[in-house]
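Every number here is computed from the coordinates shown, using simple stated rules; none is lab data. On a predicted model such as this, the values are computed, not experimentally measured, just so you know. Counting neighbours? That spans all protein chains shown, and the Cβs are built from the backbone with ideal geometry, glycine included.
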Amino acid sequence: MLLDQGSLFVAAGICSAALSLTMLSVWLHNRADSFLIGWTLGMLLLGTGVILYYTLPPERLDVVATAFTLEIVGFAVVFLAARQFIGRPLRRGQALALFAVAPPVMLPIIAGFDGIGIMVYNFLAGALLAATGAQYWSARAEAPSSIGAMTVLYGLAALSFFACGTIMAHEGQWTLAGRPDNWAEQFNAIMCIAGITGIGALSLGLNHARAARRHRFEAQTDSLTGLMNRRALFEAMGHASLGPRHAVVAFDLDRFKQINDRYGHAIGDEVLRRFADAVRDNIRDGDLAARTGGEEFVLVLRDASLQVATSTAERIRAIFAESLVETRNGPISATASAGVALVAAQDERFEEALNRADASLYRAKDGGRNRVVTALQAAA
């Protein structure tokens, strides 16, 4: 034998425990990624079970039962973490049902049929690993190369467990005189080490990439309304030239300061969110919407005629005016004014179009508020 099987498995157990501590450290710095807790617990259970089995006497069936129960539960927890990672966590009842994998492994071992219990463990572990790989594969669009590599590693690890169980079943190893020792166990030990280190590294990379995307999104998003913020809008459009059939709409909520002063900032925030909802419900894919100031909003509409741009702004204005916000003094409503600027010439700068929309907005304010005015009307 070129490699000591026991040493390989102990090394795999140590790798699992070390990876669990690494995942825990990452989670402590970024607690939004709750799936890391599942990974931490799963790897810790796996590592503890493997080290128990390969460092304590195999004649102690209570130790063997504990070790393999910890491992199979660890695989179940890793599967749950994968579901969380892709945004499809199991409901509590489903998650608890998943832990039904433990009794078929533990009970035969305690009854003296350790071979049967370990055989069942191998098949269940293979199934859980294959299912975990399938979960990640379903989300491969997020990072095709990394998730593809993870799926291959999960598949090979699952194959190694199936091989171990198949050999035991073929040889009729219902009870064992010692630890299983064959080529499949060697393959399994190698795949455990390769799989744990490879999957761990890829998982950390995916987590870092996801965190970077989230931070980038947060930096470009207004936290109150969920719309783009001013910085994001000007990064997207500030140096761009707009062609014909683009329109810029500038909104300003009427007498918003009075709402804050009279009802408090919590009500003012709800009014802003109601307006953002009206905006979201009335723009198309490809249009941009941003909150550019306290109560100021800007839309950039693509492929829009003057009629489309004006009717969009009017629809948002009307829906918002009808929206009621509950206060301790009863429901209140608010209104908004809008200015519309249609890009008619080729290569007009975004800031120029925005200035024309702002001029129309000021005209709407001067004309009594709660109305939409176009640049053409402002020039008339």
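The antiparallel fraction among DSSP beta bridges confined to region 228-379 stands at about 80%. In the chain, once you exclude exposed trypsin sites (Lys or Arg not before Pro) (DSSP loop, at most 16 other Cβ within 10 angstrom), what's the longest stretch remaining? Answer from the scan: 92-244.
Compared with the dominant principal axis of the Cα atoms in the chain, helix 35-55 is inclined by about 10°. Against the chain, whose longest principal axis comes from its Cα atoms, helix 61-85 is set at around 20 degrees. Of the beta bridges in the chain, as assigned by DSSP with both residues counted there, near 85 percent are antiparallel.
Starting from the Cα gyration tensor of region 135-213, take the square roots of the eigenvalues, sort them a ≥ b ≥ c, and report rounded, prolate or oblate (rounded when a/c is under 1.5, otherwise prolate if a/b is larger than b/c, else oblate). Prolate, because a/c is 1.5 or more and a/b exceeds b/c.
Of the chymotrypsin sites (Phe, Trp or Tyr not before Pro) found in region 136-216, the ones in coil according to DSSP and having at most 15 other Cβ atoms within 10 Å of their Cβ are TRP174. Each semi-axis of the equivalent ellipsoid for the chain is √(5λ) with λ an eigenvalue of the Cα gyration tensor; in descending order they amount to 63, 21, 16 Å.
Taking other residues whose beta carbon is less than 13 angstrom from the beta carbon of GLY178, and scoring Lys, Arg as +1 and Asp, Glu as -1, yields -2.
Restricting region 86-189 to GluC sites (Glu not before Pro) that sit in a DSSP loop and have at most 14 other Cβ atoms within 10 Å of their own Cβ leaves GLU171.
Only four residue types carry charge here, +1 at the Cβ of Lys and Arg and -1 at the Cβ of Asp and Glu. Report the dipole size of region 228-379 about the Cα centre in Debye, rounded to the nearest 20.
Roughly 260 debye, rounded to the nearest 20.
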